[in-house]
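J.: Have a look at this one before I ask anything.
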C-alpha cells in the first residue's frame, strides 16, 4: 500500500481517538469554552485563520494539476471551495458578540485543515487521474451517475441546513439582549446541533459524489469530531433549559433527527 493510503489509515485512526476522547473532554470553543484551554483570540479571527488554510491548499493543489480544467475535476474543486469560501470569508464576519476561541483549538484545526486539504487535493488532482477505475469514471458521464447526482443533492441539502442553522443561532438575541435561548426553528425542532447535522450531510454527499476513500475518511473525521460535541451541547442545553428541554425531549435528538 502506498504512502497516500497509509496517510488515510492514520487519519482514520486519529478520528477514532478523537471520537472517544470528545465523549470525556469537551472541545473548548463556542458553548464549551473555558479558561483551562489557555489563551484565546477573537472568534472572528480564529475562524478565519482556522478555515482559510484548506481553501488555499486546495487552490494550490488544483492550480498545480494537469487535469484542473477537465470538467469533472473542475466541478469537484468548485464544490469543495464553495463550502470553504463561505466558512472562511463569509461566516466569520457574520458572527456576533465578543466570543473568543482558544489558540490551541485554532492551531489543532489549522493542522487538520492543512492535512485534509492535501488529502482531498492530492486524491482529486494527482492520484485519481492515475487510477484506471477513476480514469474511466471521472468523465462527463459521471454527471449522470446516481452517486454524483445523489451526492450533490446531499451536499447542497447539508449546506443549506448548515447555513440556515447558523442564521437561527445568530438570530436568537436582539441587540442588547444577554439571555440564553434554546433554538427551535428549522432543524432545531429535531436536533440540538442542527448546524452539525448539516455539515455531516455535506461531507457525506462529498464522499458519495467523489466516490473516494479520501472523501470517506473526511466524512468519518467530521462525524468523529462533531457527534461527540453534539452530545456535549445536548447535555448542556438539558442543564440550562431543564423544563423547556424535557417538554421537547421525546422528539429532540442530538444530531441525527429521530435517531441520536
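The values are calculated or read from the model by the stated rules, or taken from the named source; none is laboratory data. No experiment lies behind these values; they were computed from the predicted model shown. In this analysis, Cβ positions are derived from the backbone assuming ideal geometry, glycine residues included, and neighbour counts consider all displayed protein chains.
J.: Go through the residues of the stretch 32-40 one by one and say whether even a single one is touching a residue at least 24 places away in the same chain (Cβ under 8 Å) and within 21 Å of the chain's Cα centre (by Cα).
T.: yes
J.: Now for a different question. Among 9, 69, 24, which is loosely packed, with under 14 Cβ neighbours inside 10 Å and under 26 Å from residue 182 (Cα atoms)?
T.: 24
J.: Does the stretch 65-79 include one or more residues that are modelled with pLDDT of 90 or more, over 23 Å from residue 211 (Cβ atoms) and either in contact with a helix residue (DSSP H, G or I) (Cβ under 7 Å, 6 or more places away or on another chain) or not assigned by TED's automatic domain parsing to the domain that holds residue 169 (or both)?
T.: No: the stretch 65-79 contains no residue that is modelled with pLDDT of 90 or more, over 23 Å from residue 211 (Cβ atoms) and either in contact with a helix residue (DSSP H, G or I) (Cβ under 7 Å, 6 or more places away or on another chain) or not assigned by TED's automatic domain parsing to the domain that holds residue 169 (or both).
J.: Looking for something in the same structural domain as residue 77 (by TED's automatic domain parsing) and under 30 Å from residue 97 (Cβ atoms) - is there at least one such residue anywhere in the stretch 117-135?
T.: Yes, the stretch 117-135 contains at least one residue that is in the same structural domain as residue 77 (by TED's automatic domain parsing) and under 30 Å from residue 97 (Cβ atoms).
J.: On to the next question. Determine if the stretch 60-73 includes at least one residue that is in contact with a strand residue (DSSP E or B) (Cβ under 7 Å, 6 or more places away or on another chain) and closer than 17 Å to residue 112 by Cβ.
T.: no
J.: Starting from the stretch 87-113, take each residue that is surrounded by fewer than 15 Cβ atoms within 10 Å (Cβ to Cβ) and list its partners that are part of a helix (DSSP H, G or I), counting only C-beta distances under 7 angstrom and pairs at least six apart or across chains.
T.: 93/44; 94/170; 96/170; 104/37
J.: List pairs: first residue in the stretch 137-159 and in contact (Cβ under 8 Å) with a residue 24 or more places away in the chain, second residue not in a helix (DSSP H, G or I) anywhere in the structure, Cβ distance under 7 angstrom, at least six positions apart or on different chains.
T.: 147/211
J.: Does the stretch 42-66 hold any residues that are surrounded by fewer than 16 Cβ atoms within 10 Å (Cβ to Cβ) and touching a residue at least 12 places away in the same chain (Cβ under 8 Å), and which are they?
T.: 42, 45, 56, 59, 60, 64, 66
J.: Next question. Please list, ordered by residue number, the helices (runs of 4 or more DSSP H) wholly in the stretch 177-260 having 1 or more residues that are in contact with a helix residue (DSSP H, G or I) (Cβ under 9 Å, 6 or more places away or on another chain) and without any contact (Cβ under 8 Å) to a residue 12 or more places away in the chain.
T.: The qualifying helices (runs of 4 or more DSSP H) are 213-240, 242-248.
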